[in-house]
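Contents: one structure, followed by commentary.
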Amino acid sequence: MGETFLICTNGQETTWPAIEYGAWMAAALHSPVSLLGVAEHLPSSTIDEKHPLESIFSRAVELFEQKGLTYTLEVQNGEAEQVIPREARKHESLVVLGRLSRPPLRRLLAGRSIRWLLSEIVSPVLYVPRACLPLKKMLVCLGGLGYEINAEQLGIRAGVIAQAEVTLLHVAAPVDLDYPAARVEREHWRELEKTDSLTGRHVRLALDAARTAGLAATLKARQGHVVEEILAEIQEGHYDLVCMGSTYSSHALRHLYGPNVTEEVAERTPCPLLIARYSGVNALMPR
């Protein structure tokens, strides 16, 4: 039995893809599910018959039972941006999120909720703006310094579930500095796996890990603005799942996962995004 999947909803229909995708992955991993409903702007924790949580809970329970999942249900009052991180800290779990459907003015003034949630949740996050099932193609973004190993491990495990094709992506950001490692990156970005650089060694390890797990894995390199290149690859490759390290992994990753890169990808990705920050230990993922 694996760790619990904490699937979160505030009752908005835009969170249903997260419930659907989380249920699929939990069933594939034989993991229990905890469905957290956030009752916003209510004076009590009782689900009013007119509240959207009632309908989405009913549909979720039917889905969980169809898939034979062990599940628990919980309702908490408050703002989702505050409740979800608080509940996520109570136990180790994979946190599954969807779009909270905030009004345009609120997004303009306060920013998108996913930015705040990613900064506050320590455990791995599966963000699902749209449920892309079945899982056939997945993209794992490499940083090159090893700080995104947790994201790679999560991606490989997810890929094994569906025997998906895996593409490992390395984006070489423009480098103006003139020192040995920078020159290797600048001159050999298309074939870094053949170099003896730190990035090259890590790329080879990631490729070997995916293939050892039995996955059909290929390596792809792009050069340019990191966010735009990742998004371009997602669009062109028609991937069903993307895995990447968190912007809060380490300051040493800022050459690739610099401030807000992961959040910017999350805001614009058309497919599920699996995010794990660096912790210095193996990634948490239901086994």
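The values are calculated or read from the model by the stated rules, or taken from the named source; none is laboratory data. Predicted, not measured: the structure shown is a model, and the values here were computed from it. Note that each Cβ is placed from the backbone with ideal geometry, even for glycine, and that neighbours are counted across all protein chains shown.
Descriptive notes on the structure:
- Set side by side, the residues ALA28, ALA18 differ, and just one is surrounded by 18 or more Cβ atoms within 10 Å (Cβ to Cβ), in a helix (DSSP H, G or I) and either modelled with pLDDT of 85 or more or outside the structural domain of LEU154 (by TED's automatic domain parsing) (or both), which is ALA18.
- Among all residues of region 64-79, there is none that is exposed (fewer than 13 other Cβ atoms within 10 Å of the Cβ), modelled with pLDDT under 95, part of a helix (DSSP H, G or I) and in contact with a helix residue (DSSP H, G or I) (Cβ under 9 Å, 6 or more places away or on another chain).
Per-residue answers, yes or no, for (1) at pLDDT 75 or above; (2) within 18 Å of the chain's Cα centre (by Cα); (3) over 30 Å from GLU120 (Cα atoms); (4) surrounded by fewer than 18 Cβ atoms within 10 Å (Cβ to Cβ):
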position: VAL184; (1), (2), (3), (4): no, no, yes, no
position: ARG190; (1), (2), (3), (4): no, no, yes, yes
position: GLY200; (1), (2), (3), (4): yes, no, yes, no
position: ALA216; (1), (2), (3), (4): yes, no, yes, yes
position: ALA221; (1), (2), (3), (4): yes, no, yes, no
position: VAL226; (1), (2), (3), (4): yes, yes, no, no
position: GLU229; (1), (2), (3), (4): yes, yes, no, no
position: HIS238; (1), (2), (3), (4): yes, yes, no, yes
position: VAL242; (1), (2), (3), (4): yes, yes, no, no
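- Within region 1-15, the set of residues being surrounded by 19 or more Cβ atoms within 10 Å (Cβ to Cβ), more than 16 Å from LEU273 (Cβ to Cβ) and among the polar types (S, T, N, Q) comprises THR4, THR9, ASN10.
- Inter-residue pairs, beta-carbon under 8 Å, first modelled with pLDDT of 80 or more and in region 150-161, second in a helix (DSSP H, G or I), 6+ apart: GLN153/ALA209; ILE156/ALA209; ILE156/ALA210; ALA158/MET25; GLY159/ALA210; ILE161/MET25; ILE161/ALA28; ILE161/LEU29
- Residues satisfying the stated conditions in region 244-264, i.e. at pLDDT 50 or above, on the phi < 0 side of the Ramachandran plot and surrounded by fewer than 24 Cβ atoms within 10 Å (Cβ to Cβ): VAL261, GLU263, GLU264
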